[in-house]
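First comes the structure, then the notes that go with it.
The values are calculated or read from the model by the stated rules, or taken from the named source; none is laboratory data. As the structure is a computational prediction, the values presented were derived from the model and not from experiment. Methodologically, a virtual Cβ is constructed for each residue, glycine included, from the backbone with ideal geometry; neighbour enumeration extends over all protein chains shown.
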Amino acid sequence: MQDIIEYLPFLMPLLIIQLILLITALIHVLRHPNYRFGNRVIWIFVVVLIQIVGPIIYFVFGRGEE
Amino acid sequence: MRSYIAFTKKEFHEIWSTYKFFILITVFLLLGMMNPITAKITPQLLDSFMPEGMVIAIAEPTALDSWMQFFSNVPQIGLIVLVIVFSGVMTSEFSRGTLINLLTKGLSRSTVILSKFTMSSAVWTLCYILCFAVTYFYTAYFWSSESINNIGFSVFCLWLFGILLLAIIMLGGVLFKNSYGGLLLTSGLVVVLMLVNIVPNLQNYNPISLASNNMALLTGDVPISDFTGAIVICGVGIIAFITSAIILFKKKQM
């Protein structure tokens, strides 16, 4: 418990960034039906289950053209 | 000048709407947080993985360890992400054919290159400052009393190397049809620079020392004057790559 309090100023922003990434990516996956490859279900799993890296992979490689 | 400002604005708008800006900012923010925390918890991690009864002496982490993480994580992860994100900055325009209209309407070709270079440099600078600020803040939080030599200069060196990479990407984007060409050219040149670094006489003039030799600067093993050659070469390289990109782009068939 002592450790958690010591690292709290670090853990909070990390958690917030992670949540922001997850939510923006998830909204984008749900709103845009076109992907460069894969389908919606795959991308939802990638974005939700792989922390931090999943949403980045989606935006860099998976996001389809408008 | 007006077309330059307008085109640069369009570039900023594009990087925002393609989520690339968002990705870069988050990656560099996370990197900035990772550096001090990795330095802080490494001894504890090693401790918990050790089998019962085995003891190894690990020095208490210092602010220097945190900056060591900074100067290994930013070149290794940060610069790679930067290059990947910007590798398509020229080629996506060619493949979609969006430039043809603008160029026939009288937009000068050098403006295109300079605008893209300005935009990517500005984004890199912003992300880098952010990453530095976060690392600085947490390092000061964990190890408040310690001061570090030459930190500003060392950070500037790495920034300049990032700009050099962006200039190479611009040239790669003009030379090749798809974005992998630019990626290949950039990584190829970095590998060449690393090989050149084996020759001891050339090390002081090699731009890669700006990204790899920062720790020696912080510990005071190497004086600032040793970096002058590398900085001059790096600056000349940036100008040379951008000029050749402009010249080649003017000759290129759309």
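Tabulated data
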| item | result |
| --- | --- |
| Answer residue from the range B:217-237, given it is surrounded by 21 or more Cβ atoms within 10 Å (Cβ to Cβ) and at pLDDT 90 or above and is farthest from B:Ile148 (Cα to Cα) among those | B:Cys234 |
| Every pair of residues 6+ apart whose Cβ atoms lie under 6 Å, when the first sits in the range B:105-127 and is free of Cβ contacts under 8 Å to residues at least 24 places away in the same chain and of a type in the set (Phe, Trp, Tyr) while the second is buried (at least 23 other Cβ atoms within 10 Å of the Cβ) and not in a loop (DSSP other than H, G, I, E, B) | none |
| Considering residues of the range B:1-21 that are over 20 Å from the mean Cα position of the chain (by Cα) and among the charged types (D, E, K, R) only, the residue surrounded by the most Cβ atoms within 10 Å (Cβ to Cβ) | B:Glu14 |
| Members of the range B:191-216 found to be over 20 Å from B:Asn73 (Cα atoms), in contact with a Leu (Cβ under 9 Å, 6 or more places away or on another chain) and surrounded by 15 or more Cβ atoms within 10 Å (Cβ to Cβ), listed by number | B:Asn206 |
| Residue that is within 14 Å of chain B (Cβ to nearest Cβ), within 10 Å of the chain's Cα centre (by Cα) and not in a helix (DSSP H, G or I), where the choices are A:Gln51, A:Gln18 | A:Gln51 |
| Among (1) within 11 Å of chain B (Cβ to nearest Cβ); (2) at pLDDT 85 or above; (3) closer than 30 Å to B:Thr38 by Cα, the one test that A:Asp3 misses | (2) |
| Test: residue in the range A:40-49 that is exposed (fewer than 10 other Cβ atoms within 10 Å of the Cβ), farther than 23 Å from B:Ile25 by Cα, without any contact (Cβ under 8 Å) to a residue 12 or more places away in the chain and not charged (D, E, K, R) | yes |
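Rundown of residues vs (1) of a type in the set (A, V, I, L, M); (2) on the phi > 0 side of the Ramachandran plot; (3) in contact with a strand residue (DSSP E or B) (Cβ under 7 Å, 6 or more places away or on another chain); (4) in a helix (DSSP H, G or I), yes/no style:
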site	(1), (2), (3), (4)
B:Phe137	no, no, no, yes
B:Tyr141	no, no, no, yes
B:Ile148	yes, no, no, no
B:Trp159	no, no, no, yes
B:Ala167	yes, no, no, yes
B:Gly172	no, no, no, yes
B:Gly182	no, no, no, yes
B:Leu185	yes, no, no, yes
